[in-house]
1. How much area per residue is accessible in the chain when the probe is 1.4 Å and only protein heavy atoms are counted (Å²)?
2. At a 1.4 Å probe radius, carbon and sulfur cover how many percent of the accessible area of the chain?
3. Please report the base-10 log of the normalised intensity I(q)/I(0) for the chain, using a Debye sum with one equal scatterer per alpha carbon and no solvent, at each q in 0.11, 0.13 (1/Å).
4. For segment 1-78, treating each Cα as an identical point scatterer without solvent, what Debye log10 I(q)/I(0) comes out at q = 0.14 1/Å?
5. Students often forget the sequence filter, so: which aspartates and glutamates lie under 19 Å Cα-Cα from Lys45 once same-chain residues fewer than 8 apart are removed?
6. Can you give the helix-only mean residue ellipticity at 222 nm for the chain, where every DSSP H stretch with n ≥ 4 adds -39500 (n - 2.57) and the sum goes over all residues, rounded to the nearest 500 deg cm²/dmol?
7. Among Gln35, Ala25, Val156, which residue has its Cα positioned farthest towards the positive end of the charge dipole of the chain, with +1 placed on the Cβ of Lys and Arg, -1 on the Cβ of Asp and Glu, and the dipole taken about the Cα centre?
8. Could you please report the charge total around Arg16, scoring K, R as +1 and D, E as -1 over all other residues with beta-carbon less than 11 angstrom from its beta-carbon?
Amino acid sequence: MPYPKASAEQIAAFQRDGYLVVRDAIVPEELTRLQAICDDLLANKEKVAFDWAWEAGDDREHRKFKIVQTSPSLLARDELAKERFRIWATEFASDLLGRPVEFWYDQFLAKPPHEGARTPWHQDEAYWGRNLDERGITCWLAFHDVDVENGCMHFVPGAHREGIIPHRSKENVQSDLLVCDVDESRAVPIPLKL
């Protein structure tokens, strides 16, 4: 059933682990619309996107776009603001955190096959700054099946209770990509099938 309410079990799992997988939450037609918007972003990436893994020494015209970073709202802000999945994500996040949250921004990351860069370990809150102080939450939505081979998300259960660990800029990268060191033996891969 699309757009579920957060159950007591889901809230407890989120509080325990710091992440939660919600399967089949979005109506397929809305996902298709969002994919079309993002396809347009990819087609115009030189004008509307950053190369998040932009290598040092490469000039702007020779960026490889190993990680395409942009915002779907650049092309469809008013349309996306009314989409049920965005409203649901905000409501669901509020339930998980136990306090009202507001939508802040959207971000689209795409990695070309065979050339995409690995997204290094990081905590999103390291990018946000201390001003959110555990009042922010990220909702990640896959557009296709993801597994360990093609780059599914990995999480460290319980790491949210350990605070923000030191982050640093990634070597040989011109963008603001951050990286941190984690105990990868604690990491859990989260494959998803659409």
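1. 64 Å²
2. Result for the chain: 52 percent of the exposed heavy-atom area is carbon or sulfur.
3. Scattering profile of the chain, log10 relative to I(0): -0.55, -0.79.
4. The Debye formula, applied to the Cα set alone, gives -0.71.
5. Glu55, Asp58, Asp59, Glu61, Asp106, Glu115, Asp176
6. Helix contribution divided over all residues of the chain: -8500 deg cm²/dmol.
7. Farthest towards the positive end: Ala25.
8. -1
The values are calculated or read from the model by the stated rules, or taken from the named source; none is laboratory data. These figures come from a predicted structure and were not determined experimentally. Counting neighbours? That spans all protein chains shown, and the Cβs are built from the backbone with ideal geometry, glycine included. Just so you know, the surface numbers come from the protein's heavy atoms only, side chains and all, with ligands and any DNA or RNA stripped out. Shrake-Rupley method; radii C 1.70, N 1.55, O 1.52, S 1.80 Å.
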